[in-house]
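Chemist: This is the structure I have questions about; it appears just below.
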Amino acid sequence: MTSISLTRFLIEEQRSRRQITPDLRLLIEVVARACKHISLAIGRGALGGVLGDAGAINVQGEAQKKLDVLSNEILLEANEWGGHLAALASEEMDEPHLIPHRYPKGNYLLVFDPLDGSSNIDVNISVGTIFSVLRCPEGVTEPVAEHFLQPGTEQVAAGYTVYGPSTLLVLTTGSGVHQFTLDREIGSFVLTRRDLRIPEDTSEFAINMSNQRHWEPPMQRYIQELLEGKAGPRGRDFNMRWVASMVADVHRIMTRGGVFFYPLDAKTRDKGGKLRLLYEANPMAFLVEQAGGAATDGRQRLLERRPLALHQRVPVFLGSRNEIERVTRMHLEHDAART
């Protein structure tokens, strides 16, 4: 069977669906090349001197790892000169990064988490890159933060890369979700799975149980049902998986089903949640919905939330549709009972 490279796949999509512009195709290819460089740096690990803390704190108030900084620089440098972007925004930077005037500018905005799950890098657990592409508003030549504040329904493409035993790129441009595997011998991403689909039902969930005492009552109730297993109201046993790398946890769901939760809790209430709407929640929600799953903040569809700030945080519930609808309904019923 003929191998289909990412480039060939995108060209064929451009011809057949006409929803991928030449600039969007080239932009995705540039992001993919940057991810290959990040994969190489991660693969070298201690040999490349990239492990450990960078000695700095990012805008999120988190200690940066050396690979956080390096991954961010790789993505910035790769995307500055291509002529496809008007600006970029990164989880690691306070403000958007404008394309230098010496380079041509395009009509897209790129947002990304350069290295999701980086706290795991020193112990050799899978990490990843998450990205999302938006259109730059018409007539805007010098984008600022407010121009990135678009609901997730406005995304034109989103994807993530998993740096694990193999390096995988999972991508949507609005017509399904497709998986590419990095062939290290030829240096290209090759299509290995078309049209990923998340089963509607599941018996597997991912959540940080150490936060249980801080959750809202409906979340407590839902998880208790799962833990009671066959003896409880669900009548079957559930398994829990938690990697503490969103990319790794979500990819497992994309591969075999399941649900991922980072609910609102007493520790994160003042911030609005734990995960970032633009850099993590929206791109993952787009991918999950394109694969037949569902994604909410516990009360409403994630993709319909209008961002209020560049680094806004939100609760995240995503994965197999029937479970997400059940836990969301429990939150809404709880709210209704209190009014």
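The values are calculated or read from the model by the stated rules, or taken from the named source; none is laboratory data. Computed from a prediction, not measured in an experiment: that's the story for all the values here. Please note: Cβ atoms are built from the backbone with ideal geometry, for glycine as well, and neighbour counts cover all protein chains shown.
Chemist: Here's a check for you: in region 273-317, which residue that is over 15 Å from the mean Cα position of the chain (by Cα) and under 20 Å from I253 (Cβ atoms) is surrounded by the most Cβ atoms within 10 Å (Cβ to Cβ)? Can you show your working first?
Modeler: Step one: filter region 273-317 for residues over 15 Å from the mean Cα position of the chain (by Cα), giving 273, 292, 298-301, 304-310.
With the extra rule that they be under 20 Å from I253 (Cβ atoms), the set shrinks to 273, 292, 298, 301.
Details: G273: 20, G292: 17, G298: 26, R301: 16.
It comes out as G298.
Chemist: Residues of region 192-247 being among the hydrophobic types (A, V, I, L, M, F, W, C), out of contact with any Gly (no Cβ under 9 Å at 6 or more places or on another chain) and under 22 Å from P315 (Cβ atoms), which ones?
Modeler: Initially, region 192-247 is screened for residues among the hydrophobic types (A, V, I, L, M, F, W, C), giving 196, 198, 205-207, 209, 215, 219, 223, 226-227, 231, 238, 240, 242-244, 246-247.
When the remaining residues are screened for being out of contact with any Gly (no Cβ under 9 Å at 6 or more places or on another chain), the result is 207, 209, 215, 223, 227, 231, 240, 242.
Residues satisfying the conditions are I207, M209, W215, I223, L227, M240, W242.
Chemist: Quick one: which of V144, V123, V140, V156 is within 17 Å of the chain's Cα centre (by Cα) and β-branched (V, I, T)? Steps first, please.
Modeler: Details: V144 fails: within 17 Å of the chain's Cα centre (by Cα); V123 fails: within 17 Å of the chain's Cα centre (by Cα); V140 fails: within 17 Å of the chain's Cα centre (by Cα).
Every option except V156 fails the conditions.
Chemist: Just to confirm my filter: which strands (runs of 3 or more DSSP E) fall fully inside region 103-213 and include at least 1 residues that are among the small types (G, A, S)? Lay out the reasoning, then the answer.
Modeler: Numbers: elements: 108-116, 127-135, 157-163, 167-172, 177-183, 188-193, 204-206.
The qualifying strands (runs of 3 or more DSSP E) are 127-135, 157-163, 188-193, 204-206.
Chemist: In region 149-170, what count of residues is obtained for those that are farther than 17 Å from T255 by Cβ and surrounded by fewer than 22 Cβ atoms within 10 Å (Cβ to Cβ)?
Modeler: Of the residues in that region, 6 qualify.
Chemist: State which residue is surrounded by the most Cβ atoms within 10 Å (Cβ to Cβ) when the search covers only region 214-252 and only residues that are free of Cβ contacts under 8 Å to residues at least 12 places away in the same chain and not in a helix (DSSP H, G or I).
Modeler: Of all residues in region 214-252, those free of Cβ contacts under 8 Å to residues at least 12 places away in the same chain come to 220, 224-225, 227-235.
Going one step further and asking which of them are not in a helix (DSSP H, G or I), we end up with 232-235.
Working: G232: 14, P233: 8, R234: 16, G235: 9.
Here the answer is R234.
Chemist: Let me ask something else. For region 189-224, how many residues are among the small types (G, A, S) and under 13 Å from G258 (Cβ atoms)? Before you say what the answer is, go through the steps one by one.
Modeler: Our first condition is that a residue be among the small types (G, A, S); within region 189-224, this holds for 203, 206, 210.
Okay, now just the ones that are also under 13 Å from G258 (Cβ atoms), so 203, 206.
Qualifying residue count, region 189-224: 2.
Chemist: While we're here: Could you grab the pairs with beta carbons closer than 6 Å, sequence gap of 6+ or different chains, first residue in region 1-18 and under 22 Å from R33 (Cα atoms), second one assigned to a loop (DSSP other than H, G, I, E, B) and modelled with pLDDT under 95?
Modeler: Filtered contacts from region 1-18: E13/I20; Q14/I20.
Chemist: I'd like to verify a number: residues in region 160-178 that are touching a helix residue (DSSP H, G or I) at 6+ places or on another chain (Cβ under 8 Å) and within 18 Å of V243 (Cβ to Cβ), how many? Full working, then the answer.
Modeler: Step one: list which residues in region 160-178 are touching a helix residue (DSSP H, G or I) at 6+ places or on another chain (Cβ under 8 Å), which gives 160-164, 167-178.
Filter once more, keeping what is within 18 Å of V243 (Cβ to Cβ): 160-164, 167-168, 170.
Final tally of qualifying residues: 8.
Chemist: For region 287-295, state whether one or more residues are assigned to a helix (DSSP H, G or I), free of Cβ contacts under 8 Å to residues at least 12 places away in the same chain and of a type in the set (A, V, I, L, M, F, W, C). Before you say what the answer is, go through the steps one by one.
Modeler: Here is the first cut: in region 287-295, the ones assigned to a helix (DSSP H, G or I) are 287-290.
So of that shortlist, the ones also free of Cβ contacts under 8 Å to residues at least 12 places away in the same chain come out as none.
Checked against the condition, which is being assigned to a helix (DSSP H, G or I), free of Cβ contacts under 8 Å to residues at least 12 places away in the same chain and of a type in the set (A, V, I, L, M, F, W, C), region 287-295 yields no hits at all.
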